[in-house]
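Have a look at the structure below before the remarks.
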Amino acid sequence: MDFSHVELSRENRIFRGQTRALLAEHVTDEVRGRDRRTGENFDEQVHLALGAAGYLASDWKPECDGGFSAIRRRIFELEIGRAHTPWYHWGTTSVVARVVQQFGAAELIDEVLPEVLSGDTRLCLGYTEPEGGSDVATCKTRAVRDDKSWIINGSKMFTSNAQNSKYVFLLTNTDPQGCKHKNLTMFLVPLESPGIEMQAIRTIDGDRTNVVFYSDVRVADRYRIGEVNGGWTVMRSALDSEHGIVATGGDGLQDVAAMAGHGVVMAEAVDQIASAVARSDCTGRRLIDDASVRYRLGRAIARTEAALSTPGMFGRVAIAQTMRDISTDLMDVVGTASALPTDANGAVGSGAIEHLFRLALPTGVYGGTLEVFRNMIAQRELRLGRP
């Protein structure tokens, strides 16, 4: 018996067909190619189309409130991945929207959520600071109360997708003399506010992120999320979701590993390399006939399967480390043509392995470095204490 196969009802088969048709219409080769070249990880036209069709609202809401059933949610996730949809930033928007719903003022919820679910509004994270590293609690961005408003000064690094967002979920220090973790306050700051300057940064892999400067930015108190100096509690729920420290449902339909979408990209790249080395060149030679190539390819396949089968935060580490290890190994197997990017003449597998090599670098630092996650595993799961 194949326990991995789920027999779909007629209605769910129709839903899958409709989802595939919508994605085929909007997630074109041009969209995918532009995403690889620019590193935006976002396409507004695609995002708005998904919002207009109700997919964003259905993905965000629980089934009891009109959202997807567990099976439809899984169908949607799989089809999004198979189409290589520029999609990663919806996860950030979705998580922040939940925090706003939980901790925000009623009028702010009414203002923000409808536009989030329609696709018109995106949300980004303002945590890391230029000198702060992975310890976001060392926050020096100041928020000072001024009657019914707050004045914010400081700067944030790696505010990804800020150029496509309306608000930033901003961590500030509201009591410089207070105890660490008890002097932080969160705000949902409109990015069009006077005093905000955004500068693009290109990471080593070619992705776009931003540094954002805040100079005497005035924010009404209604944009405060949670209690004054209670920001750590507010942010922790968002951090846990970003890190993959969340309980999964009991139906077995969720991704096993955190960041499994990146793992699927890795698996597809491995498949394309396997196909490439099995083809004969002009002399009739096949790379797969070399025992060392078979060994290294087999090792890459085994490690990819193991990483995708590793649960939660453990899987996040396994996927990122595996991507770093096997991308260089497979590029060495294929040779110089593996370094050619998408759309270049002679690129192997449409540039899949070159893309994987570049993607491996940021995957190991998203939401914290691999070293940070290994420390978290040591503390939370192995009970080894603080390093």
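Residues that are over 16 Å from residue 235 (Cα atoms), aliphatic (A, V, I, L, M) and surrounded by 14 or more Cβ atoms within 10 Å (Cβ to Cβ): does the stretch 163-171 have at least one? No, because not a single residue in the stretch 163-171 is over 16 Å from residue 235 (Cα atoms), aliphatic (A, V, I, L, M) and surrounded by 14 or more Cβ atoms within 10 Å (Cβ to Cβ).
For the stretch 176-186, the set of residues classified as touching a residue at least 12 places away in the same chain (Cβ under 8 Å) and open to solvent by 50 Å² or more (accessible area, probe 1.4 Å) consists of 176, 180, 181, 182, listed by residue number. Pairs meeting the criteria (first residue in the stretch 141-156 and more than 16 Å from residue 169 (Cα to Cα), second residue assigned to a strand (DSSP E or B) and open to solvent by 70 Å² or more (accessible area, probe 1.4 Å), beta carbons under 7 Å, at least 6 apart or on different chains) are 149/218.
Within the stretch 304-326, being without any contact (Cβ under 8 Å) to a residue 40 or more places away in the chain and not acidic (Asp, Glu) holds for one residue alone: 306. Only residues that are open to solvent by less than 50 Å² (accessible area, probe 1.4 Å) and over 24 Å from the mean Cα position of the chain (by Cα) were counted in the stretch 285-319, giving 5.
Of everything in the stretch 323-338 that's closer than 17 Å to residue 265 by Cα and of a type in the set (A, V, I, L, M, F, W, C), which residue is surrounded by the fewest Cβ atoms within 10 Å (Cβ to Cβ)? Residue satisfying both the conditions and the ranking: 331. Quick check on residue 229: is it part of a loop (DSSP other than H, G, I, E, B) and at pLDDT 95 or above? Here the answer is yes, as residue 229 does meet what is asked.
Listed by first and then second residue, the pairs linking a residue in the stretch 251-274 that is of a type in the set (D, E, K, R) to a residue that is open to solvent by less than 60 Å² (accessible area, probe 1.4 Å), with Cβ atoms under 6 Å apart and 6 or more places separating them unless they lie on different chains, are 251/70. The residue that is farthest from residue 213 (Cα to Cα), counting only those in the stretch 118-139 that are of a type in the set (D, E, K, R) and open to solvent by 20 Å² or more (accessible area, probe 1.4 Å), is 120. From the list 344, 300, 267, pick out the single residue that is modelled with pLDDT of 95 or more, in contact with a helix residue (DSSP H, G or I) (Cβ under 7 Å, 6 or more places away or on another chain) and of a type in the set (Gly, Ala, Ser). Selected residue: 300, the only one of 344, 300, 267 that is modelled with pLDDT of 95 or more, in contact with a helix residue (DSSP H, G or I) (Cβ under 7 Å, 6 or more places away or on another chain) and of a type in the set (Gly, Ala, Ser). Listed here are the strands (runs of 3 or more DSSP E) enclosed by the stretch 74-168 that have at least 2 residues being on the phi > 0 side of the Ramachandran plot, and there are none. In the stretch 54-64, is there at least one residue being surrounded by fewer than 17 Cβ atoms within 10 Å (Cβ to Cβ), under 18 Å from the mean Cα position of the chain (by Cα), assigned by the TED database to the domain that holds residue 102 and of a type in the set (Asp, Glu)? For the stretch 54-64, residues surrounded by fewer than 17 Cβ atoms within 10 Å (Cβ to Cβ), under 18 Å from the mean Cα position of the chain (by Cα), assigned by the TED database to the domain that holds residue 102 and of a type in the set (Asp, Glu): absent.
The values are calculated or read from the model by the stated rules, or taken from the named source; none is laboratory data. If you're wondering where the values come from, they're calculated on a predicted model, not measured in any experiment. Neighbour counts run over all protein chains shown; Cβ positions are idealised from the backbone, glycine included. Accessible surface areas use protein heavy atoms only, side chains included; no ligands, DNA or RNA. Shrake-Rupley method; radii C 1.70, N 1.55, O 1.52, S 1.80 Å.
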